[in-house]
Structure formats: C-alpha cells, structure tokens
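Peer 1: If you scroll down you'll find the structure; I have some questions about it.
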C-alpha cells in the first residue's frame, strides 16, 4: 500500500497548523496513519514532532485544520480518541511514590478496565516487571520507568500507540529492551507512530518514515525505498538546507 492512502486509515490529518504566539510549530501538515503501520517521524529539535504528538493525542488544540479518527473529527469527540490511544513520552507520566502495580491500578480506574488485576498482571509480564510489581516506581531506573510507561499505555488495549522520543536517556541495554517490546507490538499488528532523533533506532522497525522540518513534512517514504545510510544523507541535507551536507 502506498504511504498515506486512506483506505485503511486510523488517523487522517488535513491542513493541520499549530501556532504558539509568533511561532508556527505545525504548518499545514497532511498525514495519514494506516492500520497496523509503524510510522517513524524524524526531525531536529523544533521541527514540530512533539507538537504533532500533542495534537494527535488531543492534548494540544490545533490552530487550524482537522484530525479525523476512524473518519470522525477528533474535535467533536476528544474523549473517544483518548480512550483509543496509548501515549508514551520521554517523561514517564508515573507517580514516583506509588508502586508499579499501584500506578497501573490508578490508570485502570481511569479507563474503567474490566478485571483490572488480571490485566495489570498481564501487562507487567509483557514488559518483564512482574517481579518488581510492588516496588515503588521512584526507585526504578530510566529503562524500567520506560517499560512501566509502556505497560501503562498497553493497559486499555489502545488502537494506536503514540511514542514521543521513547529512546531519550536510555543506555544501550535499555534501548535494546525497548526495541524488543516495540517489535512485539508490531508483530501483534498494532498501529504505532514514534518520534525520534535516532535514525538507526527509528529505521529498524518502521514500515514508513517521514522527516519534519520547520513544522512541515519534508520527506515521506516507505522503508523499502531507503536504507539507513541513504536516509541519513537525506535527513542532514533537508535539515541543513544544503545539498550534500554531512552530519
């Protein structure tokens, strides 16, 4: 399926802009995210990646344009969208004074999950934290917090995962474990949009990748059309605005 075709679209973005005073964070963005697709968004700081995640998660209101979720406007039913997404940010959005299980129990009540304890055990197993379930999360390493964040995002069985710089601050081992968890989600047919600065990490699992520059999409390609070396050259050329620029 070519990138951006709407036949299996979960999310469609049309003419999306977001301004913060005189700063334009998103500038007339058009984007389609298809069911079961792993889409990676690359771009430098200030390119609009996090703002895009914020708008797609309905936490940031667009200045103009529309976001459709299963063909219906997000603006008309933001609560429905929030129940259908799992958001994983570089900040874990966890309560450090609560245990891993207590954190998940809190979010389980928010989402009104049926049989929450069984579901909590399941997701803790998925992220390999069952043996640390009753430990206070404030004692966890950065990698463990990220795994618990993934468990939180998985808890309500979302239709789409939005990950904003999930590899930020992780060492090699923790990054490898995160990669393995994302690979499992991909194998299960989950729809994933991930932003990252890390070209190698972002490329290895993606079905499709885009490069954002100055609030717009400057490049959109399926994985089959690139390798990571070619992607790196295109990336640095686009963000520098100079032909043949190197990192």
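All of the numbers you see were taken from the coordinates with simple rules; none came from a lab. Being a predicted model, the structure only gives us computed values, none of them experimental. Note: ideal-geometry Cβ built from the backbone for every residue, glycine included; neighbour counts use all protein chains shown.
Peer 1: Each label point is 7 Å from the Cα along the Cα-to-Cβ direction; what then is the distance between the points at residue 220 and residue 106, in nm?
Peer 2: 3.8
Peer 1: Specify the inter-centroid distance of the stretch 143-218 and the stretch 1-76, based on alpha-carbon positions, in whole Å.
Peer 2: After rounding, the separation between the Cα centres reads 17 Å.
Peer 1: Can I ask one more? Counting alpha carbon pairs within less than 8 Å and at least 6 residues apart, what relative contact order, in whole percent, applies to the stretch 20-179?
Peer 2: Over the stretch 20-179, the number comes to 26 percent.
Peer 1: Fewest Cβ neighbours within 10 Å first, please rank 194, 144, 110 accordingly. Kindly include the intermediate steps, with their values, before the conclusion.
Peer 2: Numbers: 194 25, 144 20, 110 12.
Least crowded to most crowded, the residues run 110, 144, 194.
Peer 1: Now, a different point. Just for the Cα atoms in the stretch 74-176, what are the lengths along the principal axes, largest first, rounded to whole Å?
Peer 2: If we take the Cα atoms of the stretch 74-176, the spans are 41, 29, 22 Å.
Peer 1: Then there's this: What do you get for the angle between helix 142-154 and the principal long axis of the chain? Use alpha-carbon atoms, 0 to 90 degrees, nearest ten.
Peer 2: Helix 142-154 sits roughly 90 degrees off the main axis of the chain.
Peer 1: Continuing with the same structure: When the chain is treated as a GNM, springs tying every alpha-carbon pair under 10 Å, which of 225, 189, 216 comes out with the largest mean-square fluctuation?
Peer 2: 225
Peer 1: Can you give me the angle between helix 228-240 and the longest principal axis of the chain, using Cα atoms only, in degrees from 0 to 90, rounded to the nearest 10?
Peer 2: Taking the Cα atoms of the chain, the angle to 228-240 is about 70 degrees.
Peer 1: Let me ask another. Of 20, 69, 106, which is the most mobile in a GNM of the chain whose springs link Cα atoms less than 10 angstrom apart?
Peer 2: Maximum among the listed residues: 20.
Peer 1: How much length is gained if the chain between residue 72 and residue 229 is pulled fully straight, taking 0.36 nm per residue apart and subtracting their Cα-Cα distance, in nm to one decimal?
Peer 2: Full-extension gain reported as 52.7 nm.
Peer 1: Candidates (1) 18.0; (2) 18.6; (3) 19.4; which is the computed Kirkwood radius over Cα pairs in Å?
Peer 2: For Kirkwood radius over Cα pairs in Å, the calculated option is (2).
Peer 1: Could you list 173, 90, 70 in order of exposure, starting from the residue whose Cβ has the fewest other Cβ atoms within 10 Å?
Peer 2: Values: 173 10, 90 18, 70 13.
Fewest-to-most ranking of 173, 90, 70: 173, 70, 90.
Peer 1: Turning to a different aspect of this structure: Grab the Cα-Cα distance for residue 115 and residue 91, subtract it from 0.36 nm times how many residues apart they are, and report the gain in nm with one decimal. The partial results should precede the final answer.
Peer 2: Details: separation 24, 0.36 × 24 = 8.64 nm, distance 2.79 nm.
My answer for the length gained is 5.9 nm.
Peer 1: Which one, 200, 117, 224, has the greatest fluctuation when you compute a Gaussian network model over the chain with C-alpha springs under 10 angstrom?
Peer 2: Of 200, 117, 224, the Gaussian network model singles out 224 as fluctuating most.
Peer 1: Sticking with this one: I need 49, 214 ordered by Cβ neighbour count within 10 Å, fewest first. Don't skip to the end; give the middle numbers.
Peer 2: Working: 49 24, 214 17.
Going from sparsest to densest Cβ surroundings: 214, 49.
Peer 1: Only helical DSSP H runs with n ≥ 4 go in: add -39500 (n - 2.57) per run for the chain, normalise by residue count and round the 222 nm mean residue ellipticity to 500 deg cm²/dmol.
Peer 2: Values: 8 runs with 86 residues, N = 247.
So the calculated ellipticity at 222 nm is -10500 deg cm²/dmol.
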